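J.: Before I ask anything, let me first share the structure, which is written out below as structure tokens.
The values are calculated or read from the model by the stated rules, or taken from the named source; none is laboratory data. The shown structure was predicted, so the numbers you read here are calculated from the model rather than taken from an experiment. Here the Cβ positions follow ideal geometry from the backbone for every residue, glycine too, while neighbour counts run over all protein chains shown.
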Amino acid sequence: MDTVLHYADQFLFDSLYAKIWPSYTRTIAGHVVSAWPRDDFWRVNLSIYIITVVFGLLLYLVTSTLSYYYVFDHDYMKHPKFLKNQVRLEIECALSAIPWMTLFTTPFFTGEIFGKSLLYGGMPKTAYDWFYLVASVPSFLFFTDCGIYWFHRWMHHPKVYKYLHKLHHKWVVPTPFASYAFNPCDGFIQSLPYHMYVYMIPMHKFLYLGLFSFVTLWTVMIHDGNACEFISHSEIINTSAHHFIHHVYFNYNYGQYFTLWDRIGNSHRQPTDEQYEKALRDDHKVMARQAYDANNIEGKTLGDKLKSQ
Ligand SMILES: [Zn+2]
Ligand SMILES: [Zn+2]
């Protein structure tokens with residue numbers, strides 16, 4: 001993030017802040033500079049917030065739109081649980097959640113700028129450095145998958161669910177636009193493992209940036225509903241077919257990338273031809289049964305009293 005901030009300062013924020021809050025005593029090569037120095041705590045916070053909101057919104061809109069038009073199975077929109085104007089509702093929900101999620105996240109990024117995390121830079125020099133860099137990828141995925149599984153499962157507890165996670169399950173048949181259509185606190189809690197990792201375990205800063213972008217893409221991908229993709233039949237990877245089951249059948253597949261923690265936590269449900277075979281997937285009898293099961297399972301799990309609220 002420090003490299004991103006450096007270039008953002010150079011090409012945008014230095015001139016922007018110089019206009020908003022100019023220094024009357026200092027100039028550089030005849031140019032007015034800002035009275036707000038680059039390393040000021042509040043300037044860093046504001047700049048990081050702006051960068052993250054813009055980057056987050058762009059990544060969400062571009063990847064979800066591409067996935068919606070090129071990957072998402074539009075026949076899902078005939079499902080009885082597909083809401084009227086759902087795509088618009090998902091986009092509105094995500095666009096209002098992202099600025100709040102970013103607000104909660106900004107202190108972690110600011111801490112990284114001020115050297116409080118274990119992120120490191122520079123080119124790897126030794127064989128061990130390279131090994132560590134490569135090993136950081138599975139380590140990060142394993143750690144964050146575990147964290148997300150347990151946070152997600154906790155948010156399905158009847159006492160917690162309606163306050164934090166219910167909004168994301170409004171989309172029983174999600175589109176890629178549902179990927180960030182959360183309550184902002186829910187989205188923030190599920191992103192905590194990413195931030196915790198770099199404050200607990202050393203990681204290269206560019207690898208972190210890359211993996212952070214990757215998890216954003218992954219979150220969109222598991223909401224694309226297209227179970228025909230080549231990895232969807234995997235029993236190890238948590239694919240869009242697995243996550244579709246999570247949205248419909250509620251008590252299964254809480255994981256993010258792998259099925260490991262669902263298997264350990266006894267919540268794994270392997271997709272079947274109902275997700276894989278397009279003819280079966282689009283069959284109106286299958287859809288009607290899924291709609292019945294979705295109401296029934298969620299109602300039973302949370303208690304009918306809560307469901308009717
Ligand atoms: Zn859930
Ligand atoms: Zn989801």
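J.: Take the residues in segment 155-184 that are under 17 Å from the mean Cα position of the chain (by Cα) and of a type in the set (A, V, I, L, M, F, W, C), then tell me which one is nearest to Ser67 (Cα to Cα).
T.: Phe177
This table checks each residue for (1) at pLDDT 90 or above; (2) within 18 Å of Ile222 (Cβ to Cβ); (3) out of contact with any strand residue (DSSP E or B) (no Cβ under 9 Å at 6 or more places or on another chain); (4) surrounded by fewer than 21 Cβ atoms within 10 Å (Cβ to Cβ).
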| residue | (1), (2), (3), (4) |
| --- | --- |
| Phe244 | yes, yes, yes, no |
| Asn253 | yes, yes, yes, no |
| Phe258 | yes, yes, no, yes |
| Lys278 | no, no, yes, yes |
| Thr301 | no, no, yes, yes |
| Leu306 | no, no, yes, yes |
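J.: Tally time: how many residues in segment 86-132 are polar (S, T, N, Q) and not in a helix (DSSP H, G or I)?
T.: 2
J.: Can I ask one more? Could you check segment 252-278 and list, in sequence order, the residues that are part of a loop (DSSP other than H, G, I, E, B), more than 13 Å from ligand 2 (Cβ to nearest atom) and either within 20 Å of the chain's Cα centre (by Cα) or among the small types (Gly, Ala, Ser) (or both)? Show your work before the answer.
T.: Start the filter on segment 252-278 by keeping residues that are part of a loop (DSSP other than H, G, I, E, B), which leaves 252-257, 259, 265-272, 277.
With more than 13 Å from ligand 2 (Cβ to nearest atom) added as a condition, the list becomes 257, 259, 265-272, 277.
Once the filter is applied, which keeps residues that are part of a loop (DSSP other than H, G, I, E, B), more than 13 Å from ligand 2 (Cβ to nearest atom) and either within 20 Å of the chain's Cα centre (by Cα) or among the small types (Gly, Ala, Ser) (or both), segment 252-278 yields Tyr257, Thr259, Gly265, Ser267.
J.: Just for segment 153-168: of the residues that are more than 10 Å from ligand 2 (Cβ to nearest atom) and not in a helix (DSSP H, G or I), which one is farthest from Asn253 (Cα to Cα)? Steps first, answer last, please.
T.: Our first condition is that a residue be more than 10 Å from ligand 2 (Cβ to nearest atom); within segment 153-168, this holds for 153-164, 166-167.
If we keep only those that are not in a helix (DSSP H, G or I) too, we end up with 156-157.
On the way: His156: 12, His157: 15 Å.
Here the answer is His157.
J.: Of everything in segment 119-169 that's β-branched (Val, Ile, Thr) and within 16 Å of ligand 1 (Cβ to nearest atom), which residue is modelled with the highest pLDDT? Break it down into steps so the answer makes sense when it comes.
T.: Kept after step one, since they are β-branched (Val, Ile, Thr), are these residues of segment 119-169: 126, 134, 137, 144, 148, 160.
This time we only want the ones that are within 16 Å of ligand 1 (Cβ to nearest atom), so: 148, 160.
Numbers: Ile148: 97, Val160: 93.
For segment 119-169, the residue satisfying everything is Ile148.
J.: Return the residue satisfying two criteria in turn: it lies in segment 279-297 and is away from ligand 1 (no atom under 16 Å from the Cβ) and among the small types (Gly, Ala, Ser), and of such residues it is nearest to the chain's Cα centre (by Cα).
T.: Here the residue is Ala291.
J.: Can you find a residue that is of a type in the set (Gly, Ala, Ser), modelled with pLDDT of 95 or more, within 16 Å of ligand 1 (Cβ to nearest atom) and not in a helix (DSSP H, G or I) anywhere in segment 215-226?
T.: No: segment 215-226 contains no residue that is of a type in the set (Gly, Ala, Ser), modelled with pLDDT of 95 or more, within 16 Å of ligand 1 (Cβ to nearest atom) and not in a helix (DSSP H, G or I).
J.: Working only within segment 170-196, note down all residues that are more than 16 Å from ligand 1 (Cβ to nearest atom) and touching a Ser or Thr at 6+ places or on another chain (Cβ under 6 Å).
T.: Pro176, Phe177, Tyr194, listed by residue number.
J.: Among what's in segment 112-143 and is polar (S, T, N, Q) and in contact with a His (Cβ under 9 Å, 6 or more places away or on another chain), pick the residue that is surrounded by the most Cβ atoms within 10 Å (Cβ to Cβ).
T.: Only one residue tops the list, namely Ser117.
J.: Counting just the residues of segment 169-204 that are among the polar types (S, T, N, Q) and within 11 Å of ligand 2 (Cβ to nearest atom), which one comes out farthest from Lys78 (Cα to Cα)?
T.: Among residues in segment 169-204 that are among the polar types (S, T, N, Q) and within 11 Å of ligand 2 (Cβ to nearest atom), the one farthest from Lys78 (Cα to Cα) is Gln190.
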